[in-house]
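Written below as structure tokens is the structure these notes are about.
The values are calculated or read from the model by the stated rules, or taken from the named source; none is laboratory data. Since we're looking at a predicted model, the values are computed, not measured. Note: ideal-geometry Cβ built from the backbone for every residue, glycine included; neighbour counts use all protein chains shown. Surface areas here come from the heavy atoms of the whole protein model, side chains and all, with no ligands, DNA or RNA. Shrake-Rupley method; radii C 1.70, N 1.55, O 1.52, S 1.80 Å.
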Amino acid sequence: MKVGVIMGSTSDLPIMQQAVDFLKELKIDVELDIVSAHRTPEKLFDYSQNAHKRGVNVIIAGAGGAAHLPGMVASLSPLPVIGVPVKSRNSIDGWDSVLSILQMPGGVPVATVALDGALNAGILAAQIIGSQNEEVQERIIAYKEGLKTKVIEGAKSVSVK
């Protein structure tokens with residue numbers, strides 16, 4: 001079980017690291033790379049067409065600005081692709097990235113998370129793997145129980161004065 005985490009440039013890494021950290025926490029192997037749809041199209045084609053041959057099960061692709069990376073990967077790969085729109089310095093408040101990833105044509109699905117939502121991309125990738133891997137599914141269940149416990153504990157500290 002392996003997740004490919006790719007991004008258009010190193011400037012996306014602080015956001016995409018959230019997915020990497022979560023997946024590692026769940027003991028899921030991660031393949032991390034920079035693949036630019038515009039600057040390294042040959043690498044994009046090679047990565048997309050061969051990731052499944054290297055044992056990758058899900059691809060998380062983060063991109064800012066025009067954000068073509070997730071859609072292009074989805075057009076070339078048989079794997080599920082999760083797109084992370086990244087609010088970059090050349091972005092139009094992130095909306096260009098969101099819409100570029102979200103508005104895919106029929107036949108080329110990209111699961112899209114919130115702007116800068118790499119943590120949710122990591123969780124979704126783990127859930128996809130967990131649908132076929134009982135150990136990962138148990139870790140997801142434990143993670144979600146932890147979220148519930150955190151809310152319940154936080155509610156105990158809230159009172160009306």
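General remarks:
- Checking Arg89 against (1) at pLDDT 95 or above; (2) surrounded by fewer than 16 Cβ atoms within 10 Å (Cβ to Cβ); (3) not aromatic (Phe, Trp, Tyr), the condition it does not meet: (1)
- Cβ-Cβ distances below 8 Å connect the following pairs, each with a first residue in segment 119-140 that is under 12 Å from Asn57 (Cα atoms) and in contact (Cβ under 8 Å) with a residue 24 or more places away in the chain, a second residue that is of a type outside the set (A, V, I, L, M) and assigned to a helix (DSSP H, G or I), and a separation of six or more residues or different chains: Ala126/Phe22; Ala126/Arg139.
- Residue list for segment 108-130, restricted to those being open to solvent by 80 Å² or more (accessible area, probe 1.4 Å) and part of a loop (DSSP other than H, G, I, E, B): Pro109
- Residues in segment 37-52 include none that are open to solvent by less than 10 Å² (accessible area, probe 1.4 Å), at negative phi and either touching a His at 6+ places or on another chain (Cβ under 7 Å) or of a type in the set (Val, Ile, Thr) (or both).
- When the helices (runs of 4 or more DSSP H) confined to segment 1-96 are screened for residues that are of a type in the set (Phe, Trp, Tyr), those reaching at least 1 such residues are found at 13-25, 41-50.
- Residue ID - surrounded by the most Cβ atoms within 10 Å (Cβ to Cβ), chosen from residues in segment 131-154 that are among the charged types (D, E, K, R) and within 17 Å of Val30 (Cβ to Cβ): Arg139
- Of all residues making up segment 1-27, the number that are in contact with a helix residue (DSSP H, G or I) (Cβ under 6 Å, 6 or more places away or on another chain) and open to solvent by less than 20 Å² (accessible area, probe 1.4 Å): 10
- Number of positions in segment 53-83 that are out of contact with any helix residue (DSSP H, G or I) (no Cβ under 7 Å at 6 or more places or on another chain), under 17 Å from Thr112 (Cα atoms) and surrounded by fewer than 22 Cβ atoms within 10 Å (Cβ to Cβ): 1
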